[in-house]
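The values are calculated or read from the model by the stated rules, or taken from the named source; none is laboratory data. Not measured: the values here are computed from a predicted model. Here the Cβ positions follow ideal geometry from the backbone for every residue, glycine too, while neighbour counts run over all protein chains shown. These area figures cover heavy atoms from the full protein model, side chains too; ligands, DNA and RNA do not enter into them. Shrake-Rupley method; radii C 1.70, N 1.55, O 1.52, S 1.80 Å.
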Amino acid sequence: MNKEFPKNFLWGAATSAYQVEGAALQDGKGLSQQDVINRERHELYGFADASIASDHYHKYKEDIALFKEMGFTSYRFSIAWSRIFPNGDDQVNEAGIQFYRDLIKELKDNGIEPIPTLYHYDLPWALVEKYGGWLSREVVKDFEIFAKYVVNEFKDDVKYWITLNEQSIIVQYWTQKCYILPEFQDNNQLRYQINHHMNLAQAVAVKLVHEVGGLAGPALGYAPVYARTCKPEDQLAAINANDLRNTYYLDVYFKGYYNVAALNYLQENDLAPVMEAGDEAFFAENISDFFAINYYDSSCAQACPKDAERRWSGYNLSGKKGDMSGFETHPGFYQMCPNPELETTDWDWAIDPTGLEFVYRDLYTRYKIPFMITENGLGAYDELTPDGKVHDEYRIKYLKEHIAATKRAMDRGVEVIGYMPWSALDLLSTSNGYRKRYGLIYVDRTDEDPKDCARIRKDSFYWYQQVIASRGTDLAVDNFLSVSEKE
Ligand code: BGP
């Protein structure tokens, strides 16, 4: 057993276009649904919008220099559809594609493997106006035009393509991740209909990537489900929850059909997607090559009475522990609940490195696929000290435990290709603006004031540099603990 991670292991970190780039309407870019959603959230809650974000569009060279300094050998980012096709049709915006040519060249010149995501929540707004966006099956055709163009453009530079980001989270939080017109928001079948269209787009992407000899993997927000107790009814509820929240997606990607129990539940409750003949055959012809996991937390389920009220996933917007607005409830199937065994972040996300090991082992047994960690991280309030430092030992500890869990799974024979935590630098949170930060690099701005978005190395930056330089053998945190922690 090697102490080190493999030589060709991909060490890096991740971001997504609308959360980091800014320049939302610059050089011909069209609006995306996230530009609109985040403008509305800004008005409602005061969170920053996506217009400047972390200004990566203008500072990408400086950022890549910092990635290199940390020792990155890979970088996961996403390509904004509306930067290249501002109207979501087939009219290319030359300046938009040029930005990604420059970005990818800069990465390669610095020895960093570019790992692009084709879709990370930011559908061109024009397609929402035209036919309701993902609500319409027409979107698959337009996605194909975009994906074909991008995949062909970068086929010689990119080996690993991430197809779509987090379909399971999109189903859970559909009005945050997609712009859904108010008149449709009560029709919950549409959550699964949207997902069906995304599955078709996902399979199209896999097909296109395979045609040019690349490897394709979907990024799923994956939280394993534990049973609340060892009562048989709770154990069964955990299987139900895992089927509907996780396996429902994985089976399409890696087996080519919908998980039977989950689909059956959706059909009984008028929530199932409408499919066309041949859809599942198309999935089966286009199986993904690896599984890009976004792992943050685990979850917990218990039995749910048949006469309970159906509820969808709640959220914590305040960043005060315990402020969850509710838990997903599917009458007679399962009910999600907090796990009393685990500590949580300020936003009530359970901290569970062993859960990551559980995921690797469970999924490797069931699917025997290679994994790439494309997100993993701790959202926290970071403080910039008067002498320009960010002492984020909580983040260091979190990452350390998850890297150690990855190594333990690899030692048991699980294939893991790379580790790209969220996020390379601070960026616009999907739920909490700049109050909740994940970066290894601090971006000096607030929700209210974009300032100059100056880059500042956090303590986790130096710690991760040490981890990469030692090929994962030196995870020691002592040098990075604040004085009070050491005492
Ligand atoms: C994942 C998304 C990311 C990211 C992350 C953290 O679901 O793929 O885009 O933002 O979660 O979420 P948040 O920013 O809401 O804390």
Practice task
Would you confirm whether any residue within the range 70-78 is within 20 Å of the chain's Cα centre (by Cα), among the hydrophobic types (A, V, I, L, M, F, W, C) and crowded, with 21+ Cβ neighbours inside 10 Å?
Solution key: yes
Problem - Close pairs (7 angstrom Cβ cut-off, 6 or more residues apart or separate chains): farther than 9 Å from Cys300 by Cα in the range 224-236, among the aliphatic types (A, V, I, L, M) and surrounded by 14 or more Cβ atoms within 10 Å (Cβ to Cβ) anywhere - result: Glu233/Ala303; Asp234/Ala227; Asp234/Ala303; Gln235/Ala227
Problem - Of the criteria (1) open to solvent by 10 Å² or more (accessible area, probe 1.4 Å); (2) in contact with a His (Cβ under 9 Å, 6 or more places away or on another chain), which one Asn376 fails - result: (1)
Exercise for the section: Tell me which residues, restricted to the range 379-392, are open to solvent by 60 Å² or more (accessible area, probe 1.4 Å) and either over 22 Å from Asp348 (Cα atoms) or small (Gly, Ala, Ser) (or both). Expected result: Pro386, Asp387, Lys389
Fill in the blank from the handout: Here the residues within the range 435-453 that are out of contact with any Cys (no Cβ under 9 Å at 6 or more places or on another chain) and open to solvent by less than 30 Å² (accessible area, probe 1.4 Å) are Lys436, Arg437, Tyr438, Gly439, Leu440, Ile441, Tyr442, Asp447, Cys453
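Counting just the residues of the range 210-240 that are open to solvent by 30 Å² or more (accessible area, probe 1.4 Å) and either at pLDDT below 95 or among the hydrophobic types (A, V, I, L, M, F, W, C) (or both), which one comes out farthest from the ligand (Cβ to nearest atom)?
Cys230
Consider Tyr462 carefully, then state whether it is without any contact (Cβ under 8 Å) to a residue 60 or more places away in the chain, under 18 Å from Leu378 (Cα atoms), more than 16 Å from the ligand (Cβ to nearest atom) and out of contact with any His (no Cβ under 7 Å at 6 or more places or on another chain). Before you say what the answer is, go through the steps one by one.
On the way: without any contact (Cβ under 8 Å) to a residue 60 or more places away in the chain: yes; under 18 Å from Leu378 (Cα atoms): yes; more than 16 Å from the ligand (Cβ to nearest atom): yes; out of contact with any His (no Cβ under 7 Å at 6 or more places or on another chain): yes.
Against the criterion (without any contact (Cβ under 8 Å) to a residue 60 or more places away in the chain, under 18 Å from Leu378 (Cα atoms), more than 16 Å from the ligand (Cβ to nearest atom) and out of contact with any His (no Cβ under 7 Å at 6 or more places or on another chain)), Tyr462 qualifies.
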Handout entry: Unmet requirement for Arg395, which otherwise passes all of (1) surrounded by fewer than 21 Cβ atoms within 10 Å (Cβ to Cβ); (2) closer than 13 Å to Gly377 by Cβ
Key = (1)
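Applying the selection to the range 309-323, what residues are out of contact with any His (no Cβ under 8 Å at 6 or more places or on another chain) and open to solvent by 30 Å² or more (accessible area, probe 1.4 Å)?
Hits for the range 309-323 are Glu309, Arg311, Trp312, Tyr315, Leu317, Ser318, Lys320, Lys321, Gly322, Asp323.
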Practice task
Might you check whether a residue that is open to solvent by 30 Å² or more (accessible area, probe 1.4 Å), touching a residue at least 40 places away in the same chain (Cβ under 8 Å) and part of a loop (DSSP other than H, G, I, E, B) occurs anywhere in the range 97-111?
Solution key: yes
